[in-house]
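Asker: Structure below; questions to follow.
The values are calculated or read from the model by the stated rules, or taken from the named source; none is laboratory data. These numbers come from a predicted model, not from an experiment. All Cβ positions, even for glycine, are placed from backbone atoms using ideal geometry, and neighbour counts span all protein chains on display.
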Amino acid sequence: MKTDALTLATATAVLALAGGAAHAHATTDAALQALVDQRLAGDRTGACMAVAVVDKGEVARAFRCADPKNAARIGPDRAFEIGSVSKTMASTLLADLIVQGKASLDDPLAAYLPEGTALPTFEGQPILLRHVVTHTSGLPALPSRMATATLVDPYAGLTAEDLLASLGDVTLSRAPGTQFEYSNFASMVLSYAVARRAGVDFETLLRQKLFEPLGMAGAYVAKRPEGVRAAGGHSANGLAAAPWNFQTDLAGVGGVRATLDDMVRYVQGNLDPSGTPLQAAIELAQRPVSEQPPMAMNWMLVPVAGRSVLMHEGGTGGFSSLVSVDREAGRGVVILSDTSWSAVGNLGSLGLHLVDASFPLGKPRTAATPPQELLEALAGEYQLQGAMKMSLRQRDGKLFGQAEGQPEFELSYDSEGDFYPIVVDALLKPQRKSDGSYVFTWMQGGGALPAMRLGEDGAVVQGPALSDTELAGYAGEYPLVPGFALTLRAREGRLFAQATGQGEFALDAAGKDRFEAAAYGIEIVFKRGGDGEVTSLDLHQGGQVLSGPRK
């Protein structure tokens, strides 16, 4: 739930490799265990994982931990919080209603809510169900009335009444269906709406229409089946994390708990629904609904070697998950972790490698010694976007942080080049700019806060102000790799970028011919020809550079 969309860098990697990927071979338990160990053994997060690969009817399973002494934390009877993978289940229930003739993707969302519920429109255009299942409703990420929630269990205090009242607080800034913006708010409304239309509570609906037909005997929301134990969650720095709880009818956003075998059966049902009573609903839920980005009903459609793979990741305060369904290859993947990976890159590298062996597996994050030059380059005063000021200092070969008005804390360093505090679950991700200087993004609680360096006067160092005419000089399409381009548009005094199959994001001017999307760690540097016109760009992200000419 925390971070579910693929990053631009991940999407680029998928598309760059899409032309010549080799299918992953059939996997045995031993081979799968060895692969998971390559990625996990010794990882500084201390995470444990339950992993399964379904390959043409055969199932391989692995229960592995970064430290073998923690093996008792997981097992076949342990139920994990699957986070936003729950959204694909809510969509299957909606699809079932559609098959029964009780719903349509072109129905307005308002028709599924209590009479009198205030629901925003844009110039008379309502939010439709198709907008909700593709995250193009225009509703923000979270409802406005979550003030009673705690940080450790953020959704526990949110009632259906709070949720519906929050709809009245929203003013849409664009027409529904025009822009992707991931919204847990909209997904909670969908969960409530589906249960209301079905006439039973959401957990009962899940059990009757999905869990029992697919044989998911250990899956639940609040009513844990006999013989199933709830796994304990952990933060990425190894601290115990509290479970997340949801009001039952809102649980379709991320409240399902399931064992590995439950999720294997879910994947098997999605790979070949013909032997289930849900065939029509599953196939409808998997059908493409939107193109930007490519999505079915709450399933991301990820291009892999000329195939379209259904995929979704999930994350709660102490758990992470990934599920993929590759019907053409007959291959499905499940990864359940008892640790939140949202700050450290999610489960994408292992997941993609298990989907198709051409993708890099990745390696464990291990403790490392930071380069002295990096420590010196990061030292300074910063403003976190929308949050507090932070100071970074270096001494004795270590980095120390101090948020305004709080005690100083030490930051450790890992082999991926990131810093992390032990006292709180967070990550400081350094970003080297094209001019050699450094800034960073602070990752915490599922959010990414760009840090802006402060000048000697204590003010944020601002980029140049550009006119509409100057901004228009950068607009155009820039192919970066075959089948993958970055499109730049100028409007409302800003420059916006959109990668193939991705949502649009804003860019901020950072210098001459230089723009940034700090939250994504993206820097774009434009090149000019002899006539002074922009001819190409370099996209910097994650230490990689992609170049493309202007069309």
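Asker: Out of the range 195-213, which residues are surrounded by fewer than 23 Cβ atoms within 10 Å (Cβ to Cβ) and not in a loop (DSSP other than H, G, I, E, B)?
Answerer: Correct list: Arg196, Arg197, Ala198, Glu203, Thr204, Arg207, Gln208, Lys209, Glu212, Pro213.
Asker: What's the total number of residues in the range 353-377 that are of a type outside the set (D, E, K, R) and in contact with a Leu (Cβ under 9 Å, 6 or more places away or on another chain)?
Answerer: Looking only at that region, the number is 11.
Asker: With Phe400, Phe359, Phe440, Phe419 as the choices, which residue is aromatic (Phe, Trp, Tyr), at negative phi and more than 26 Å from the chain's Cα centre (by Cα)?
Answerer: Going through Phe400, Phe359, Phe440, Phe419 in turn, just one is aromatic (Phe, Trp, Tyr), at negative phi and more than 26 Å from the chain's Cα centre (by Cα): Phe400.
Asker: Could you tell me which of the residues Ala240, Ala258, Ala198 is out of contact with any strand residue (DSSP E or B) (no Cβ under 9 Å at 6 or more places or on another chain) and of a type in the set (Gly, Ala, Ser)? Steps first, answer last, please.
Answerer: Values: Ala240 fails: out of contact with any strand residue (DSSP E or B) (no Cβ under 9 Å at 6 or more places or on another chain); Ala258 fails: out of contact with any strand residue (DSSP E or B) (no Cβ under 9 Å at 6 or more places or on another chain).
Step by step, each of Ala240, Ala258, Ala198 is checked, and only Ala198 is out of contact with any strand residue (DSSP E or B) (no Cβ under 9 Å at 6 or more places or on another chain) and of a type in the set (Gly, Ala, Ser).
Asker: Return the only residue of Gly57, Gly101 being within 22 Å of Gln279 (Cβ to Cβ), surrounded by fewer than 22 Cβ atoms within 10 Å (Cβ to Cβ) and touching a residue at least 60 places away in the same chain (Cβ under 8 Å).
Answerer: Only one candidate passes the filter, namely Gly57.
Asker: Against the condition closer than 21 Å to Ala517 by Cβ and surrounded by 15 or more Cβ atoms within 10 Å (Cβ to Cβ), how does Gln394 come out, does it pass?
Answerer: no
Asker: Can you find, within the range 233-288, the residue that is nearest to Gly75 (Cα to Cα) among those that are charged (D, E, K, R) and surrounded by fewer than 21 Cβ atoms within 10 Å (Cβ to Cβ)? Break it down into steps so the answer makes sense when it comes.
Answerer: Keep residues of the range 233-288 that are charged (D, E, K, R), which gives 249, 257, 261-262, 265, 272, 283, 287.
Add one more test, that the residue is surrounded by fewer than 21 Cβ atoms within 10 Å (Cβ to Cβ), and what stays is 261, 272, 283, 287.
Values: Asp261: 10, Asp272: 26, Glu283: 31, Arg287: 34 Å.
So the residue we want is Asp261.
Asker: Which of (1) assigned to a helix (DSSP H, G or I); (2) surrounded by 14 or more Cβ atoms within 10 Å (Cβ to Cβ); (3) modelled with pLDDT of 95 or more does Ala16 not meet, given it meets every other one?
Answerer: With (1) assigned to a helix (DSSP H, G or I); (2) surrounded by 14 or more Cβ atoms within 10 Å (Cβ to Cβ); (3) modelled with pLDDT of 95 or more applied to Ala16, the lone miss is (3).
Asker: Given the residues Lys223, Lys209, which is the only one that is of a type outside the set (A, V, I, L, M), more than 21 Å from the chain's Cα centre (by Cα) and farther than 28 Å from Leu151 by Cβ?
Answerer: On inspection, the qualifying residue turns out to be Lys209.
Asker: Another question about this same structure. Here is a check on your reading of the model: is Pro243 free of Cβ contacts under 8 Å to residues at least 12 places away in the same chain, in the same structural domain as His131 (by TED's automatic domain parsing) and not in a helix (DSSP H, G or I)?
Answerer: Criteria not met by Pro243.
Asker: Please go through the range 289-335 and give me each residue that is surrounded by 24 or more Cβ atoms within 10 Å (Cβ to Cβ), assigned to a loop (DSSP other than H, G, I, E, B) and not aliphatic (A, V, I, L, M), ordered by number.
Answerer: The answer is Asn298, Trp299, Thr316, Gly317, Gly318, Phe319.
Asker: Please verify whether the range 77-96 includes one or more residues that are part of a strand (DSSP E or B), of a type outside the set (D, E, K, R), buried (at least 23 other Cβ atoms within 10 Å of the Cβ) and modelled with pLDDT of 95 or more.
Answerer: Filtering the range 77-96 for residues part of a strand (DSSP E or B) gives 78-81.
After this cut, where a residue has to be of a type outside the set (D, E, K, R) as well, the list is 79-80.
If we keep only those that are buried (at least 23 other Cβ atoms within 10 Å of the Cβ) as well, we get 80.
Filter again for modelled with pLDDT of 95 or more, leaving 80.
Yes - at least one qualifying residue is present in the range 77-96.
Asker: For the range 98-135, how many residues meet the condition of being outside any helix (DSSP H, G or I), closer than 20 Å to Asn298 by Cα and either hydroxyl-bearing (Ser, Thr, Tyr) or not assigned by TED's automatic domain parsing to the domain that holds Ile282 (or both)?
Answerer: Final tally of qualifying residues: 2.
Asker: Could you check how many residues of the range 335-356 are modelled with pLDDT of 90 or more and among the aliphatic types (A, V, I, L, M)?
Answerer: Number satisfying all stated conditions: 6.
Asker: Is there a residue being in a loop (DSSP other than H, G, I, E, B) and within 24 Å of the chain's Cα centre (by Cα) anywhere in the range 157-168?
Answerer: Yes: the range 157-168 contains one or more residues that are in a loop (DSSP other than H, G, I, E, B) and within 24 Å of the chain's Cα centre (by Cα).
Asker: If the requirement is being free of Cβ contacts under 8 Å to residues at least 24 places away in the same chain, of a type in the set (A, V, I, L, M, F, W, C) and surrounded by 18 or more Cβ atoms within 10 Å (Cβ to Cβ), which of these qualifies: Leu537, Leu495, Leu507, Leu449?
Answerer: One residue alone meets the criteria, Leu507.
Asker: Would you please name the residue that is farthest from Ala305 (Cα to Cα), looking only at residues in the range 465-483 that are touching a strand residue (DSSP E or B) at 6+ places or on another chain (Cβ under 8 Å) and exposed (fewer than 13 other Cβ atoms within 10 Å of the Cβ)?
Answerer: Here the answer is Ala465.
Asker: Now for a separate question. Mind counting the residues in the range 434-466 that are part of a loop (DSSP other than H, G, I, E, B) and either modelled with pLDDT of 80 or more or closer than 19 Å to Met388 by Cα (or both)?
Answerer: Number satisfying all stated conditions: 14.
Asker: Of these, Pro108, Pro68, which one is surrounded by fewer than 18 Cβ atoms within 10 Å (Cβ to Cβ) and touching a residue at least 12 places away in the same chain (Cβ under 8 Å)? Don't jump to the end; show me each part of the working.
Answerer: Values: Pro68 fails: touching a residue at least 12 places away in the same chain (Cβ under 8 Å).
Matching residue, one of Pro108, Pro68: Pro108.
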